[in-house]
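Scroll down for the structure; my scribbles are underneath it.
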């Protein structure tokens with residue numbers, strides 16, 4: 001059983017929460033992520049187990065993994081039409097329907113600390129973004145949070161010793177951030193499907209990719225990768241809507257279920273966000289043992305990283321305005337203020353999941369009423 005997070009939560013438990021008897025319900029929760037992935041094994045499974053235990057079995061979940069129900073581009077419609085009670089919503093795929101959350105996710109280049117990134121994203125989303133709540137209302141959904149992904153770094157099948165070597169390289173890029181970085185490198189972008197990364201490397205169709213270090217193991221390219229540039233990272237994606245439910249389903253559940261989610265979500269956020277450190281490190285160690293070199297590309301690459309943040313700041317504000325966000329500059333300012341706050345908190349948290357969960361409870365979840 002997971003620990004509660006504060007004196008407030010403990011007192012609520014001590015006095016006993018009395019709710020009207022409710023029939024047990026099993027819901028379907030759809031994710032396009034494989035069952036072995038951290039978000040499932042460290043996140044969804046213990047989350048729903050803890051909620052079930054906290055409510056005496058009032059709510060349980062069948063987790064439909066690996067896209068067996070819905071993929072990344074049709075999960076939101078599946079939740080909206082009631083085909084599933086909930087699922088993983090990556091709001092960047094729904095820029096039209098969820099423009100404010102998509103903008104928060106687009107802050108990738110501003111983020112180099114994963115704890116600060118998701119802490120700032122969640123605080124901004126729930127406390128400083130009325131447009132986010134309006135988007136939820138229009139879509140008929142309610143989000144209870146998400147996690148930060150692992151940092152994007154440059155990974156190559158060729159030896160790289162300077163930023164100059166990147167010019168003309170074929171680099172996989174599939175997002176706005178990646179395409180911005182590729183242009184600044186003077187490289188040539190190639191659009192390779194996620195499931196074809198290993199074959200593209202093997203055939204020489206691409207020389208590098210921008211991705212997480214864990215992808216080295218995921219795609220079985222440990223023996224192919226020759227170079228990685230672990231620092232500076234090219235940014236971190238915070239996903240504030242990764243656990244999202246139908247509003248109709250959420251409203252049908254008791255206060256006891258809502259309370260359980262509020263108490264358990266900080267653990268989900270902390271555990272999944274920090275678990276990616278382990279998978280990245282394991283992939284990194286295996287690749288280094290197989291001959292991969294970690295290189296520092298010096299001041300030229302550091303300048304490229306600084307230029308990337310400036311370029312991305314302009315791009316994401318412009319695209320957010322086109323998608324209907326009325327004042328993206330103000331939303332970005334709120335995010336950056338929260339990021340600075342969480343950067344200080346991150347230093348004290350020091351990658352401790354229990355300390356992280358406690359701060360998430362104190363700063364965000366203890367105040368939520370969804």
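Looking at segment 133-148 only, could you name the residues that are in a helix (DSSP H, G or I), in contact (Cβ under 8 Å) with a residue 40 or more places away in the chain and in contact with a helix residue (DSSP H, G or I) (Cβ under 9 Å, 6 or more places away or on another chain)? Of everything in segment 133-148, those that are in a helix (DSSP H, G or I), in contact (Cβ under 8 Å) with a residue 40 or more places away in the chain and in contact with a helix residue (DSSP H, G or I) (Cβ under 9 Å, 6 or more places away or on another chain) turn out to be 136, 137, 139. From the list 244, 279, exactly one residue is out of contact with any strand residue (DSSP E or B) (no Cβ under 8 Å at 6 or more places or on another chain) and closer than 30 Å to residue 349 by Cβ. Which is it? Going through 244, 279 in turn, the sole match is 279. Of the residues contained in segment 344-358, none is found to be touching a strand residue (DSSP E or B) at 6+ places or on another chain (Cβ under 8 Å), more than 25 Å from residue 155 (Cβ to Cβ) and modelled with pLDDT of 95 or more.
Please work out which residue is surrounded by the fewest Cβ atoms within 10 Å (Cβ to Cβ), limiting yourself to segment 282-301 and to residues that are touching a strand residue (DSSP E or B) at 6+ places or on another chain (Cβ under 8 Å) and part of a helix (DSSP H, G or I).
Among residues in segment 282-301 that are touching a strand residue (DSSP E or B) at 6+ places or on another chain (Cβ under 8 Å) and part of a helix (DSSP H, G or I), the one surrounded by the fewest Cβ atoms within 10 Å (Cβ to Cβ) is 288.
Is it the case that residue 124 is surrounded by 22 or more Cβ atoms within 10 Å (Cβ to Cβ) and over 13 Å from the mean Cα position of the chain (by Cα)? The answer is yes for residue 124. What about residue 315, is it assigned to a helix (DSSP H, G or I), in contact (Cβ under 8 Å) with a residue 40 or more places away in the chain, under 30 Å from residue 162 (Cβ atoms) and out of contact with any helix residue (DSSP H, G or I) (no Cβ under 8 Å at 6 or more places or on another chain)? No: the conditions fail for residue 315. Residue 347: more than 19 Å from the chain's Cα centre (by Cα), within 13 Å of residue 104 (Cα to Cα), assigned to a helix (DSSP H, G or I) and without any contact (Cβ under 8 Å) to a residue 40 or more places away in the chain, yes or no? For residue 347, the condition - more than 19 Å from the chain's Cα centre (by Cα), within 13 Å of residue 104 (Cα to Cα), assigned to a helix (DSSP H, G or I) and without any contact (Cβ under 8 Å) to a residue 40 or more places away in the chain - is not met.
Exactly one residue among 61, 102 is touching a helix residue (DSSP H, G or I) at 6+ places or on another chain (Cβ under 6 Å), modelled with pLDDT of 95 or more and in a helix (DSSP H, G or I), and that residue is 102. Tell me yes or no: at least one residue of segment 168-187 is in contact (Cβ under 8 Å) with a residue 60 or more places away in the chain, under 21 Å from residue 284 (Cβ atoms) and surrounded by fewer than 22 Cβ atoms within 10 Å (Cβ to Cβ). There is no residue in segment 168-187 that is in contact (Cβ under 8 Å) with a residue 60 or more places away in the chain, under 21 Å from residue 284 (Cβ atoms) and surrounded by fewer than 22 Cβ atoms within 10 Å (Cβ to Cβ).
Okay, residues lined up against (1) surrounded by fewer than 20 Cβ atoms within 10 Å (Cβ to Cβ); (2) within 25 Å of residue 100 (Cα to Cα); (3) over 21 Å from the mean Cα position of the chain (by Cα); (4) at pLDDT 95 or above:
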site: 260; (1), (2), (3), (4): no, no, yes, yes
site: 269; (1), (2), (3), (4): no, yes, no, yes
site: 272; (1), (2), (3), (4): no, yes, no, yes
site: 324; (1), (2), (3), (4): yes, yes, yes, yes
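For every residue, the table says whether it meets (1) more than 26 Å from residue 314 (Cα to Cα); (2) in a helix (DSSP H, G or I).
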site	(1), (2)
158	yes, no
171	no, no
180	no, yes
189	no, no
196	yes, yes
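Residues in segment 223-254 that are in a strand (DSSP E or B) and within 16 Å of residue 145 (Cα to Cα): 238, 239, 240, 241, 242, 243, 244, 245, 246.
Residue count for segment 202-222 satisfying the condition of being under 24 Å from the mean Cα position of the chain (by Cα), surrounded by fewer than 24 Cβ atoms within 10 Å (Cβ to Cβ) and in a loop (DSSP other than H, G, I, E, B): 5.
The values are calculated or read from the model by the stated rules, or taken from the named source; none is laboratory data. Please read all numbers here as calculations on a predicted model, not as lab measurements. A quick note on method: Cβ atoms are made from the backbone with ideal geometry, for glycine too, and the neighbour counts reach across all protein chains shown.
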